Amino acid sequence: MSSFRTVLTRATSNWRLVAVAALVTVLEGGFRITLVDFLDLYFGDLWLAAAVLLWPPIVAVFGLAAVSSTARTAIAGEETRAKEDVAGSGWDGNLAGRLAALAAIATVGHWVALALGNVLFLVVDTPIRFVLYWAGYGDLLTFAVVTFGPFAGIGIGALVVWILPGIAVAEIGRGVGVTDAFRTVIAAPRSSPRSLATATAWTLAFVGGSAGAFVATDRVVRWFEDATLTVGPVDAAIVPIALGISILVAAGAVWLAGALGLALDRFADSRPPSRSSGRDTAPRSVPIARLAIAVLLVTSLVVAAGAIRANEIRPVDTEPEPLPNDPDELYATAHDNTDRSNHAFRWLNASAPDEEVVYEFRIDRENRHVSTSLDGYDTYHTNAVFHVGQPAPLPGYAMMTEEDRLPKLGEPSPDAENWTVVAEDGDEITLELTDPDDVYFAQHEDELDERFDDPVIHESWARVTIDTERKTLSHGELRMNVSDRGSTDEAYDAHLAYEYEIGADVERPEELGPPTIGERFWQLFAY
C-alpha cells in the first residue's frame, strides 16, 4: 500500500489514465449541460436540477472501468504488479462479459448513492443550519440556498457514497469477478476505514476546489460584463469562461484519476477470502451487534433531523431590542423589532369614512408563513408552498421575505430620517416628519426632485406611534399633496394610514386542502 501522494503522482503521470478521466469529465458534464438545454423548454429550474442529479454516470463507470488495469499498472509498477491480477488488458480481457454488471452499478448504484446522499445531507446539513439560525446568520439562507441547496447537498453526499460502488467498478474493470468485487466493497468499511476517510477527504477537496473555481469564474465574468470588455469582435467574458471550464475539466481529471488509483491501491484484493487454504483464512464473523447499533444510530439521526426540519424547530430571535433615544434610531429599531416579530401590517385608506383596509400583510416568523390581501386578491406562502392564484410546491416564504421582495406596501421606510418626537403618552411615543423631501423619501425611498421639476407642496406630514412596552410600531398616518408648478398634470395626492398587530397568526386557506407530496418534500428539505 502506497501513500496517497505517491498514488496521486503515479496516477496523474499516466497520460492514458488522465486523458480518459478528462474525457469522462467532459462527456459527463457536457451531457448534463445538453440535458438542461433540451429540457429547459419543458421544465422549470427545479426539475432541471432533479434531472441532472438523477441521471446515472454511465460514461464515468464504463470509461473508468476500461482503464482500471492501466491504473493498476501505473500505481503498482510493472515490476511489482501482482501476479494474480486477472485482467491483463482491461477491455481485451473479460470486461466485455461484465457490461451488464457495470450498467447495473451505474444505474442502481447511483440511485442507492442518491438515497444515502439524502441521509448524509439531512444529518450534516440540519445541525449546520440550526447553528446558523442560533448564531443570527439565518439571512445567509437565501431563496436560492433554500431552493437549490438540497440538490447540491444531496449531490455531494452521493459523490461521497459513490466511493463504495466505485471500488466495485475498479475491481470489475481489472477483471475481478462480480461477486468478489462486491465482497471487496462489503469488506472495505471494516478493513480499511482510514482509506475510506482518505477517499472521502479527496472527494470533498475536489468539491471545494470546483466550487471555488466556479465562484471565482462567475465573479470575473460579471466584472468583464460590467466593464463591457471585448477582444476584437468577441465579448471578453469568453476568456474567463473558457479558463474556468478548463480548470474544472483538469480538476475532474485529477480527481477521477486519483480516486481510481486510490481504490485500486487501498482496496484491491482486500476482500475476505471465500474458501479455506493452508493458512488460517477463515473470515472474521460479521459484527452483527455493531452493525445493528450503527444502523440504529444513523436511523435515529435521520429521524431526528427530519423531525426538526418538518416541524420548523429552529432558534428564532423575536426578542425586541431596547429603544434608543435618538428619534431616527428609535424608529429604525422599532421597525426592526416589529419586522422580527409575528405581526400583521394593514394599510388603510385614510380618506375613506371607515378607513377601509386597502392591503394586509401577515407574517409568522416562527412557522414561516406569510399571507397578503389586496382588493380581495389573496396570497399564501410557506416554506413548502407558493400560492398566488394557483398553489405550487415551492419555498414561497423564502422567496417573499428576501429583503428586496418583502411586500409591506405603503409602510414608511426604516431608512427615513429627521423624525422628531411630538408626543409622549404613557407607553406610547409619537414621531413626526414634516419636511416634504423626508416625507416623500419615507414613502418611496426616492428624491422628490426626481419626480417633480418645480414642486408645489400643498400638504406634507407623516406620523408614527411606537408602543414602548412592546418596543414595536403601533400605528401611523401619512399625508402628502404635491404638484408641479405650472403643470396641468394631476397632482400627487396620498393619504394613508397603517396599523400593526403583534402576535398575529397566519391561517392556511381552506381551498389548499391537505399538503401535497411536493409540499411534504419541501417541508423536509427547505429548512
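In summary, residue 203 fulfils each of the numbered conditions (1) of a type in the set (Ser, Thr, Tyr); (2) surrounded by fewer than 17 Cβ atoms within 10 Å (Cβ to Cβ); (3) touching a Phe, Trp or Tyr at 6+ places or on another chain (Cβ under 8 Å) with the single exception of condition (2). Whether any residue in the stretch 174-193 is aliphatic (A, V, I, L, M), buried (at least 21 other Cβ atoms within 10 Å of the Cβ) and not in a helix (DSSP H, G or I) is what I want to check. Taking every residue of the stretch 174-193 in turn, at least one turns out to be aliphatic (A, V, I, L, M), buried (at least 21 other Cβ atoms within 10 Å of the Cβ) and not in a helix (DSSP H, G or I). The number of residues in the stretch 221-248 that are out of contact with any strand residue (DSSP E or B) (no Cβ under 9 Å at 6 or more places or on another chain), at pLDDT below 80 and assigned to a helix (DSSP H, G or I) comes to 7. When residue 414 is tested against (1) in a loop (DSSP other than H, G, I, E, B); (2) exposed (fewer than 15 other Cβ atoms within 10 Å of the Cβ), exactly one condition is not met: (2). Has the stretch 506-523 got any residue that is open to solvent by 70 Å² or more (accessible area, probe 1.4 Å), on the phi < 0 side of the Ramachandran plot and in a strand (DSSP E or B)? No: the stretch 506-523 contains no residue that is open to solvent by 70 Å² or more (accessible area, probe 1.4 Å), on the phi < 0 side of the Ramachandran plot and in a strand (DSSP E or B). Which of the numbered conditions does residue 489 fail, given that it passes all the others? Conditions: (1) part of a loop (DSSP other than H, G, I, E, B); (2) charged (D, E, K, R); (3) modelled with pLDDT of 90 or more. Against the list (1) part of a loop (DSSP other than H, G, I, E, B); (2) charged (D, E, K, R); (3) modelled with pLDDT of 90 or more, residue 489 comes up short only on (3). Give the residues of the stretch 1-34 that are modelled with pLDDT of 80 or more and either touching a strand residue (DSSP E or B) at 6+ places or on another chain (Cβ under 9 Å) or over 17 Å from residue 63 (Cβ atoms) (or both), sorted by residue number. 3, 4, 5, 6, 7, 8, 9, 10, 13, 33, 34 - these are the residues of the stretch 1-34 that are modelled with pLDDT of 80 or more and either touching a strand residue (DSSP E or B) at 6+ places or on another chain (Cβ under 9 Å) or over 17 Å from residue 63 (Cβ atoms) (or both).
Being closer than 20 Å to residue 305 by Cβ and open to solvent by 10 Å² or more (accessible area, probe 1.4 Å) holds for only one residue in 156, 163, and it is 156.
Taking residues in the stretch 336-360 that are touching a residue at least 24 places away in the same chain (Cβ under 8 Å), and partners anywhere that are outside any strand (DSSP E or B) and of a type in the set (Lys, Arg), the pairs with Cβ atoms closer than 7 Å and at least 6 places apart or on different chains are 337/471; 340/365; 341/365; 342/365; 345/408.
Only residues that are outside any helix (DSSP H, G or I) and within 42 Å of the chain's Cα centre (by Cα): list them for the stretch 434-453, please. Break it down stepwise before answering.
Looking only at the stretch 434-453, we keep the residues that are outside any helix (DSSP H, G or I), and these are 434-435, 445-447, 451-453.
445, 446, 447, 451, listed by residue number.
Every condition in (1) in contact with a Ser or Thr (Cβ under 6 Å, 6 or more places away or on another chain); (2) farther than 30 Å from residue 440 by Cα; (3) open to solvent by 50 Å² or more (accessible area, probe 1.4 Å) holds for residue 475 except the one numbered (2).
For the residues 340, 309, the requirement of being open to solvent by less than 50 Å² (accessible area, probe 1.4 Å), of a type outside the set (A, V, I, L, M, F, W, C) and either in contact with a Cys (Cβ under 9 Å, 6 or more places away or on another chain) or within 26 Å of residue 429 (Cβ to Cβ) (or both) singles out 340.
Condition first: farther than 12 Å from residue 508 by Cα and in contact (Cβ under 8 Å) with a residue 40 or more places away in the chain. Now tell me which residues in the stretch 369-383 satisfy that. The answer is 383, and nothing else.
Checking the conditions here, which among 380, 359, 331 is crowded, with 20+ Cβ neighbours inside 10 Å, more than 30 Å from the chain's Cα centre (by Cα), of a type in the set (Phe, Trp, Tyr) and over 21 Å from residue 433 (Cβ atoms)?
Values: 380 fails: more than 30 Å from the chain's Cα centre (by Cα); 331 fails: over 21 Å from residue 433 (Cβ atoms).
Of 380, 359, 331, the one residue that is crowded, with 20+ Cβ neighbours inside 10 Å, more than 30 Å from the chain's Cα centre (by Cα), of a type in the set (Phe, Trp, Tyr) and over 21 Å from residue 433 (Cβ atoms) is 359.
Those strands (runs of 3 or more DSSP E) of the stretch 306-384 in which at least 3 residues are charged (D, E, K, R) and at pLDDT below 95, considering only elements entirely within it, cover 357-364. Residues that are closer than 30 Å to residue 397 by Cβ, at pLDDT 90 or above and open to solvent by 50 Å² or more (accessible area, probe 1.4 Å): does the stretch 139-152 have at least one? Yes; the residues of the stretch 139-152 include at least one that is closer than 30 Å to residue 397 by Cβ, at pLDDT 90 or above and open to solvent by 50 Å² or more (accessible area, probe 1.4 Å). For beta carbons closer than 6 Å, sequence separation of 6+ or different chains, a first residue in the stretch 414-431 that is charged (D, E, K, R) and at pLDDT 90 or above and a second that is open to solvent by less than 70 Å² (accessible area, probe 1.4 Å) and in a strand (DSSP E or B), the qualifying pairs are 428/465. Report whether or not residue 482 is buried (at least 20 other Cβ atoms within 10 Å of the Cβ), among the β-branched types (Val, Ile, Thr), modelled with pLDDT under 90 and more than 41 Å from the chain's Cα centre (by Cα). Yes.
The values are calculated or read from the model by the stated rules, or taken from the named source; none is laboratory data. Just so it is clear, the model here is predicted, and its values are computed rather than measured. Reconstructed Cβ throughout: ideal geometry from the backbone, glycine too, with neighbour counts over all protein chains shown. Side chains are part of the model used for accessible areas, which takes the heavy atoms of the whole protein and leaves out ligands, DNA and RNA. Shrake-Rupley method; radii C 1.70, N 1.55, O 1.52, S 1.80 Å.
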